[in-house]
Amino acid sequence: MSVFSMPDFDNHEEVVFVRDAQTGLSSIIAIHNTNLGPACGGTRMWAYASDDAALKDALRLARGMTYKSAMAKLPLGGGKAVIIGDAKRDKTEQLLVAYGRAVEQLGGKYVTAMDVNMTPDDMRVIAKGTKHVAGYTQPGKAGGDSGPLTALGVFVGLKAAVEHRLKTNTLKGVRVGVQGLGSVGFDLCQQMHAEGAQLVVADLNAERVAKAVAAFGAKSVSPDEIVTADVDVMSPCALGGIVNDQTAGKIKAKVIAGGANNQLAEDRHGAELASRQILYAPDYVINGGGIIRVAGQIFTWSDADIETRVRGIAGTLREIFQRADAGKKPTNVIADEIARERVAAGRKGGVKGMAAE
Ligand code: NAI
């Protein structure tokens, strides 16, 4: 199939196919848009069923990164790379260095970071081939786990959504269901508990559930029940696709606000939530804390600057909610509209607040 006629092709600026016979590297680097800055996005290693599937993933995810960075008001564009292969079997130091060299050849137009099946150690190896790599701990630069910053963005964003839909500016007594108590979910629970929220939690990992029950007085339900639990707010912090044909009509929460990527199985589920008066905080906006942290590392922002930007997620969500109300459109549609406006404005010569200070 030709790249230009693929449904996921969205005027991507550049798609680079990398092959290094010596190390067995097969990679696709998709640069979607650089209007606002260098294309940034993680590298994913996956044993794709076909080359077309790998290309589709790279194209789709690269566009998602353009939108995510635009909504986080970052001086970054969107890109994504995939390495085709079984991470357990095929990931070698030589392959990663060769991949790093391929990134380096793009001269900084694409900056890579971690994604599925890539670890901070892998990023350090890739860094032997390129300086255009971020998102892991480097001496003298910000780094470490992005979970807490993502959780902060979700916390302020969830509060903005609660204020808009439930007309209260405190979480005291608000019942919040949290799916997934990992790096993001657990930290989020801690912040919500401190403000008096009543937590209902689920995780496949029983130890994490027990910890949340003990620390926050949370009620636990099974992973099957959490999405449709009787709560005011549902916070997906585990998997994608949780709003789907099976669940959308049964969700009791009035607000959906969580850190997971790709919460809507399909875009049309956003319309279904809106028709049921459920306020959905678009996932790629509310979980922007991770990419803000990566940007902070690239541009060496201070921790205070990074935190200010993460807290700014609340204001962006308020703008989305107001425009969705005014235009009677689903919030996910409005978020895409605003992202496209910002990218287009970037092409015309800069968007206020996005410049790298
Ligand atoms: P994590 O891997 O630390 O935690 C995920 C948790 O979800 C684990 O405790 C796991 O047992 C649980 N889980 C998995 N399937 C489940 C199910 N069916 N029901 C209930 N629990 C289940 O991941 P992390 O870092 O907390 O990320 C959570 C979500 O947020 C992911 O979707 C991730 O892609 C997304 N995200 C994370 C960012 C970050 O900075 N860590 C940034 C942006 C998005």
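The values are calculated or read from the model by the stated rules, or taken from the named source; none is laboratory data. Values in this document were obtained by computation on a predicted structure and should not be read as measured data. Reconstructed Cβ throughout: ideal geometry from the backbone, glycine too, with neighbour counts over all protein chains shown. Ligands, DNA and RNA are stripped out before the accessible areas are found, and what is left, the full protein with its side chains, is counted by its heavy atoms. Shrake-Rupley method; radii C 1.70, N 1.55, O 1.52, S 1.80 Å.
If you go through the stretch 238-263 and keep only what is modelled with pLDDT of 95 or more, open to solvent by 70 Å² or more (accessible area, probe 1.4 Å) and either within 14 Å of the ligand (Cβ to nearest atom) or of a type in the set (Gly, Ala, Ser) (or both), you end up with just GLN246. The set of residues from the stretch 15-54 being among the charged types (D, E, K, R) and closer than 27 Å to PRO120 by Cβ comprises ARG19, ASP20, ARG44.
Determine whether TYR284 is of a type in the set (Phe, Trp, Tyr) and touching a Leu at 6+ places or on another chain (Cβ under 9 Å). Here the answer is no, as TYR284 does not meet what is asked. The single residue among SER235, SER222 that is open to solvent by 40 Å² or more (accessible area, probe 1.4 Å), modelled with pLDDT of 95 or more and at negative phi turns out to be SER222. If you check GLU307, GLU266, GLU341 for being within 16 Å of ALA72 (Cβ to Cβ), open to solvent by 10 Å² or more (accessible area, probe 1.4 Å) and more than 16 Å from the ligand (Cβ to nearest atom), only one passes: GLU341. Is it the case, given these coordinates, that HIS193 is within 30 Å of GLY107 (Cα to Cα), at pLDDT 95 or above, open to solvent by 20 Å² or more (accessible area, probe 1.4 Å) and more than 10 Å from the ligand (Cβ to nearest atom)? Spelling it out, it is not the case that HIS193 is within 30 Å of GLY107 (Cα to Cα), at pLDDT 95 or above, open to solvent by 20 Å² or more (accessible area, probe 1.4 Å) and more than 10 Å from the ligand (Cβ to nearest atom).
Looking only at residues in the stretch 29-52 that are outside any strand (DSSP E or B) and touching a strand residue (DSSP E or B) at 6+ places or on another chain (Cβ under 9 Å), the one that is most open to solvent (accessible area, probe 1.4 Å) is ASP51. Are any of the residues in the stretch 146-162 modelled with pLDDT of 95 or more, more than 28 Å from ALA81 (Cβ to Cβ) and open to solvent by 40 Å² or more (accessible area, probe 1.4 Å)? The answer is yes, given that some residue of the stretch 146-162 is modelled with pLDDT of 95 or more, more than 28 Å from ALA81 (Cβ to Cβ) and open to solvent by 40 Å² or more (accessible area, probe 1.4 Å). Each residue in the stretch 299-341 was checked for being on the phi > 0 side of the Ramachandran plot and either assigned to a helix (DSSP H, G or I) or among the hydroxyl-bearing types (Ser, Thr, Tyr) (or both), and 1 of them qualify. Report yes if ALA30 is at pLDDT 95 or above and over 23 Å from GLY108 (Cα atoms), otherwise no. No, not satisfied. One residue stands out in the stretch 269-289 among those that are within 13 Å of the ligand (Cβ to nearest atom) and part of a helix (DSSP H, G or I): the one that is nearest to LEU239 (Cα to Cα), namely ASP283. Name, by its number, the condition in (1) over 19 Å from VAL162 (Cα atoms); (2) open to solvent by 10 Å² or more (accessible area, probe 1.4 Å); (3) in a helix (DSSP H, G or I) that does not hold for VAL227. For VAL227, the exception is condition (1). Of all residues in the stretch 202-219, those being more than 8 Å from the ligand (Cβ to nearest atom) and either surrounded by 19 or more Cβ atoms within 10 Å (Cβ to Cβ) or not acidic (Asp, Glu) (or both) number 12.
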